[in-house]
Amino acid sequence: MPDDAYQPSPLVPVGREAVGDRWTLVFTRDLAHPVAKVWAALSEPDQLAAWAPYTADRDLSAPGEATLTMIDGDSPEDLKATVLRAEPPALLEYSWGEDVLRWELTPTATGTRLTLRHTVADRDGLAQAAAGWHLCLDVAERLLDGAPIAPIRGMAALDFGWEALRDGYAERLGD
């Protein structure tokens, strides 16, 4: 568990796009770290295990099959994944079950702008996904800062402001 002093960071810019019969959450966050360091956090299994809602069975820096194990509660769930595009250190796109995650990294004057495009089947899940990614990326930022806290996953997210984040993102997304 993260320490009791953890509080979620402020809401970040979000949007949504219709893609055929699916929906894409567009989630943007600025990080005060160089692109290469952020890329490593997105692609290396040891770093993913420290912040993401899943672990990876291999480095995600190259296209091909992978297994992402969702850690949500008592029963981890293996989901087939395929790295569709890997252009280190700027673009990483992979399937995760039926979802598609596209991570775009752009250098800024102060670090990296991370844009996550998370494509899902149901528009109703966008605010929930935004809240979950918000918490995960708070944890990732602490990891990158050299002051890691434990991952926030599954039902534990309720103890760390997930509902307020979900409601805030629902308002921003017009839901």
**Report entry** Of all residues in the range 147-175 being closer than 18 Å to Gly125 by Cβ, among the small types (Gly, Ala, Ser) and over 17 Å from the mean Cα position of the chain (by Cα), the one that is modelled with the lowest pLDDT
**Finding:** Gly174
Query raised in the report: Is it the case that some residue within the range 39-48 is acidic (Asp, Glu), part of a loop (DSSP other than H, G, I, E, B) and closer than 15 Å to Tyr94 by Cα?
Result: yes
Query raised in the report: Do we have Leu144 as at pLDDT 95 or above, of a type outside the set (Val, Ile, Thr) and either exposed (fewer than 13 other Cβ atoms within 10 Å of the Cβ) or not in a helix (DSSP H, G or I) (or both) here?
Result: no
Requested in this report: Residues being crowded, with 16+ Cβ neighbours inside 10 Å, small (Gly, Ala, Ser) and out of contact with any helix residue (DSSP H, G or I) (no Cβ under 7 Å at 6 or more places or on another chain): count how many of those fall in the range 147-175.
Outcome: 3
**Report entry** Residue list for the range 40-93, filter: under 22 Å from Pro148 (Cβ atoms), of a type in the set (A, V, I, L, M), at pLDDT 95 or above and crowded, with 16+ Cβ neighbours inside 10 Å
**Finding:** Ala40, Ala41, Leu42, Leu48, Ala50, Ala52, Ala56, Leu60, Leu68, Leu92
Requested in this report: Check off (1) modelled with pLDDT of 95 or more; (2) at positive phi for Gly20 and give me the number that stays unchecked.
Outcome: (1)
Query raised in the report: Would you call Asp124 of a type in the set (Asp, Glu), surrounded by fewer than 18 Cβ atoms within 10 Å (Cβ to Cβ) and free of Cβ contacts under 8 Å to residues at least 12 places away in the same chain?
Result: no
Query - Meets criteria (β-branched (Val, Ile, Thr), buried (at least 21 other Cβ atoms within 10 Å of the Cβ), in contact (Cβ under 8 Å) with a residue 24 or more places away in the chain and touching a strand residue (DSSP E or B) at 6+ places or on another chain (Cβ under 7 Å)) for Thr112 - result: yes
Report task. Consider only pairs whose beta carbons are under 7 Å apart and that are at least six residues apart or on different chains; among these, list those whose first residue lies in the range 84-97 and is under 16 Å from Thr67 (Cβ atoms) and whose second residue is modelled with pLDDT under 95. Result -> Trp96/Leu79; Gly97/Leu79
Report summary line: The residue that is nearest to Arg102 (Cα to Cα), considering only those in the range 50-74 that are without any contact (Cβ under 8 Å) to a residue 40 or more places away in the chain and hydrophobic (A, V, I, L, M, F, W, C), is Leu60
Query raised in the report: How many of the residues in the range 54-76 are farther than 25 Å from Ala36 by Cα and of a type in the set (Val, Ile, Thr)?
Result: 1
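The values are calculated or read from the model by the stated rules, or taken from the named source; none is laboratory data. Quick caveat, the model's predicted, so the values are computed rather than measured. Cβ: placed from backbone, ideal geometry, glycine included. Neighbour counts: every protein chain shown.
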